[in-house]
1. Within the stretch 133-182, count every residue that is at pLDDT below 85, charged (D, E, K, R) and assigned to a loop (DSSP other than H, G, I, E, B).
2. Yes or no: Phe72 of a type outside the set (S, T, N, Q) and within 14 Å of the chain's Cα centre (by Cα)?
3. Tell me, which residue of the stretch 22-49 that is exposed (fewer than 12 other Cβ atoms within 10 Å of the Cβ) and not in a loop (DSSP other than H, G, I, E, B) is modelled with the lowest pLDDT?
4. Does Met93 satisfy the condition of being assigned to a strand (DSSP E or B) and touching a residue at least 40 places away in the same chain (Cβ under 8 Å)?
5. It is to be established whether one or more residues within the stretch 86-95 are over 11 Å from the mean Cα position of the chain (by Cα), buried (at least 17 other Cβ atoms within 10 Å of the Cβ) and of a type in the set (Phe, Trp, Tyr).
6. Quick check, is Arg113 within 16 Å of the chain's Cα centre (by Cα) and exposed (fewer than 13 other Cβ atoms within 10 Å of the Cβ)?
7. Give me the residue from the stretch 50-65 that is modelled with pLDDT under 95 and among the basic types (Lys, Arg) and, out of that set, farthest from Pro101 (Cα to Cα).
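The values are calculated or read from the model by the stated rules, or taken from the named source; none is laboratory data. The shown structure was predicted, so the numbers you read here are calculated from the model rather than taken from an experiment. Glycine gets a Cβ as well: all are built from the backbone with ideal geometry, and neighbour counts include every protein chain shown.
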Amino acid sequence: MCQNVAGKRLLEWQRMQVLQAGRHKLLLLELETESIENVARQAGFSFKLADEPRRMVLDLAAEDRQLPLLLFDATDTGNQGWFSRCHFYVDGMSGAVLQTPITVANQRDRSGRALPNAVRVQINKELSPNFRLPNRAQVTEQTIYAVLSNFLSALLNTGVGVCGGSVVKPLAGRMEPAANRN
């Protein structure tokens, strides 16, 4: 179904829309706050959700967890056991979770130290029409809920690797480089 809205064409596709302005296109996800809340709750996180026009932001905390979230430095050879098990990798410079519309950031205490049991997760609602999930899966709201669920489970159980950079700090594993033994 096509309609002309202020010089922009909107195409309905399932529950997702394609916005076209001239030669530029964006996929517009219509994420449901209740579904995102259910995913976070089922994973075992307490959360605060902000639904913004271009993104959803979740402040997540695993309050009852004794160990830190499994966000580790993937570049450290001491963490290779974690690296071989993980399904998600974070660009340490931007916080982007590779091949997903998710961005992650540390939450910090008043002195600026990263909280070991808390992260901020942002889900972008505007994506390139060429954006594909792993295995070239097409993007729908349902696939985003599944990816978020798997990501939150990885933070608690299997691990998420931080690749390079200094913006996102690892919370688990060996975080300091081994001392030089010369």
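1. Total satisfying the criteria: 3.
2. no
3. Step by step, filter the stretch 22-49, then rank; the result is His24.
4. no
5. No, the conditions are met nowhere in the stretch 86-95.
6. Taking the combined requirement at face value, the residue does not satisfy it.
7. Once the filter is applied, the top-ranked residue is Arg65.
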